[in-house]
Amino acid sequence: MVATHAERPHALLSASAAHRWLACPPSARLCEQFPDTTSEYAAEGTLAHELAELKLRKALKLGNLNAREFNKRRKEIESHPLYSAEMDTYTDSYVDYVLGIVHSYRVPPYVTVEKQIDYSAYAPEGFGTGDCIVIGGETLHIIDLKYGKGVRVSGEGNPQMRLYALGALQEYGFLYPITEIHTAIVQPRLESISEETISVDELLAWGESIKPIAEMAYRGEGEFNAGEHCRFCRAKSVCRARSEQYLALEAFGQAKPPLITDSEVGEILRRAKALAEWVTDLEEYALQQCLAGNQIPGWKAVEGRGSRQYVDLDAAFKALIDAGIDEAVLYERKPLTVAQLEKVLGKAQYRQLLEEPGLVRKEPGKPTLVPESDKRPAITAKITAQEAFGGDER
């Protein structure tokens, strides 16, 4: 491991952002005008990837990783403020998935982890780092760990995975008789593994189809197009195309009939959901500008509501106990939730001690409205909206 994950360079047409620049080609160059900021969630994901890589290298005996070096690196990761015991559990799930593929072959397959992949034949100067590549028989496996838990990522038609597959095929295709591509996105915190299997011919045809779009993106040409792909765009807060899309809600006010149709309800909800996200992005941008000393007409940054913290918790409680306060008053005792216990016990012991004996039950969730693209099956006439959201019938 020469460079840490955070230190690695990134391409203009990165595979991880392909869903954006393929849908909105000029966004690739537009993002260059904004700093590449990171978040605690991203830093946590980076740490999880380093831990997963370390575990895989040890399990598969990759590189010159001896026990001393493994333990040293492991302690460094565990000392990181963002490390947690659950990170160990979740990265184990990813490692288990990879090992399951590796051990499914009678003859040991070729395996490499954190491999830099060049797909510049399809996207100018395009390169990225694949989490894990396995080549066994006639199948090329591309496996990606996603540690986030906010959005479930589909592996079907996923451009990031396909770009990695194109680069890997170009590098290894003359060495191995590859005829099939199998990609997998492993999201252990969402208990999700999304896979796709396509032929080499299908992959190559897709690669040729995106070439013109990638060329436009590299030159900063093409039409701006707002949509779900704006989520991780650096320009999303002040992008004019995005603002015009959401401000177009005003057009619904021109409708002649006194009642809007169900079709209009669906369209307004679709736009309003994205509008709420855009407003949040605008607020974050405006706050940053005000804190930097710039003016956003009609707005200013102020100090929010503060909170009180113990200077020294032990000293504070000792003072209370010495003053005659009953120690039992100072603590709140409550049982761990089922989810918290599962993390403490681990999935196997949790199932053995609680789930299998029937000591826990899964309650159905309340009905919730989601886009039609959501993978969960639709429900109808299960309960009324009144029962779901509360309130007295009149």
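The values are calculated or read from the model by the stated rules, or taken from the named source; none is laboratory data. If you're wondering where the values come from, they're calculated on a predicted model, not measured in any experiment. Cβ placement follows ideal geometry from the backbone for every residue including glycine, while neighbour counts extend to all protein chains displayed.
Can you tell me which residue within region 56-73, out of those that are within 17 Å of Thr129 (Cβ to Cβ) and out of contact with any Lys or Arg (no Cβ under 6 Å at 6 or more places or on another chain), is surrounded by the fewest Cβ atoms within 10 Å (Cβ to Cβ)?
Leu62
Out of Ile185, Ile210, I need the residue that is without any contact (Cβ under 8 Å) to a residue 60 or more places away in the chain and of a type outside the set (Ser, Thr, Tyr). Which one?
It is Ile185.
Mind counting the residues in region 358-379 that are closer than 23 Å to Glu342 by Cβ and among the acidic types (Asp, Glu)?
Counting residues in region 358-379 that are closer than 23 Å to Glu342 by Cβ and among the acidic types (Asp, Glu) gives 1.
Look at Ala217 and say whether it is at pLDDT 85 or above and assigned to a helix (DSSP H, G or I).
Here the answer is yes, as Ala217 does meet what is asked.
Would you please list the contacts, defined by Cβ atoms under 7 Å and residues six or more apart or on different chains, that run from a residue in region 49-74 that is over 24 Å from Ile185 (Cα atoms) and in a helix (DSSP H, G or I) to a residue that is modelled with pLDDT of 90 or more and not polar (S, T, N, Q)?
Taking only residues 6 or more apart or on different chains, the pairs are Phe70/Leu54; Phe70/Lys58; Arg73/Leu54; Arg74/Leu54.
Going through Glu191, Glu196, Glu180 one at a time, which residue ends up being crowded, with 18+ Cβ neighbours inside 10 Å, of a type in the set (Asp, Glu) and closer than 19 Å to Val98 by Cα?
Every option except Glu196 fails the conditions.
Modelled with pLDDT of 90 or more and part of a loop (DSSP other than H, G, I, E, B): is that true of Gly324 in this structure?
The answer is yes for Gly324.
Yes or no: Lys318 in contact with a helix residue (DSSP H, G or I) (Cβ under 6 Å, 6 or more places away or on another chain) and surrounded by 11 or more Cβ atoms within 10 Å (Cβ to Cβ)?
no
Could you check Ala15 against (1) surrounded by 19 or more Cβ atoms within 10 Å (Cβ to Cβ); (2) hydrophobic (A, V, I, L, M, F, W, C); (3) over 19 Å from the mean Cα position of the chain (by Cα) and say which number it fails?
(3)
Can you pull out the residues in region 154-169 that are surrounded by fewer than 17 Cβ atoms within 10 Å (Cβ to Cβ) and within 25 Å of Leu12 (Cβ to Cβ)?
Hits for region 154-169 are Ser154, Gly157.
Here are the criteria: (1) within 30 Å of Arg219 (Cα to Cα); (2) crowded, with 19+ Cβ neighbours inside 10 Å. Tell me which single one Asp118 does not satisfy.
Going through the list (1) within 30 Å of Arg219 (Cα to Cα); (2) crowded, with 19+ Cβ neighbours inside 10 Å, Asp118 breaks only (2).
Between a first residue in region 264-276 that is over 14 Å from Glu372 (Cα atoms) and a second residue that is of a type in the set (D, E, K, R), which pairs have beta carbons less than 8 Å apart while being 6 or more apart in sequence or on different chains?
Pairs that qualify, where the first residue is over 14 Å from Glu372 (Cα atoms) and the partner is of a type in the set (D, E, K, R), are Ala274/Glu228.
If you check Arg231 against the conditions, is it more than 23 Å from His49 (Cβ to Cβ), of a type in the set (Lys, Arg) and not assigned by TED's automatic domain parsing to the domain that holds Arg57?
No, not satisfied.
Give me the strands (runs of 3 or more DSSP E) completely within region 87-202, filtered to those with at least 2 residues that are in contact with a Cys (Cβ under 8 Å, 6 or more places away or on another chain), ordered by residue number.
By residue number, 110-118, 139-145.
Run down Tyr83, Tyr97, Tyr105 and say which single residue is hydroxyl-bearing (Ser, Thr, Tyr) and surrounded by fewer than 15 Cβ atoms within 10 Å (Cβ to Cβ).
Of Tyr83, Tyr97, Tyr105, the one residue that is hydroxyl-bearing (Ser, Thr, Tyr) and surrounded by fewer than 15 Cβ atoms within 10 Å (Cβ to Cβ) is Tyr105.
Please pick out the residue among Arg271, Arg333 that is closer than 30 Å to Ala85 by Cα and outside the structural domain of Ser84 (by TED's automatic domain parsing).
Arg333
Taking the stated definitions as given, is Ala241 within 26 Å of Asp374 (Cα to Cα), in a helix (DSSP H, G or I) and at pLDDT 70 or above?
Yes.
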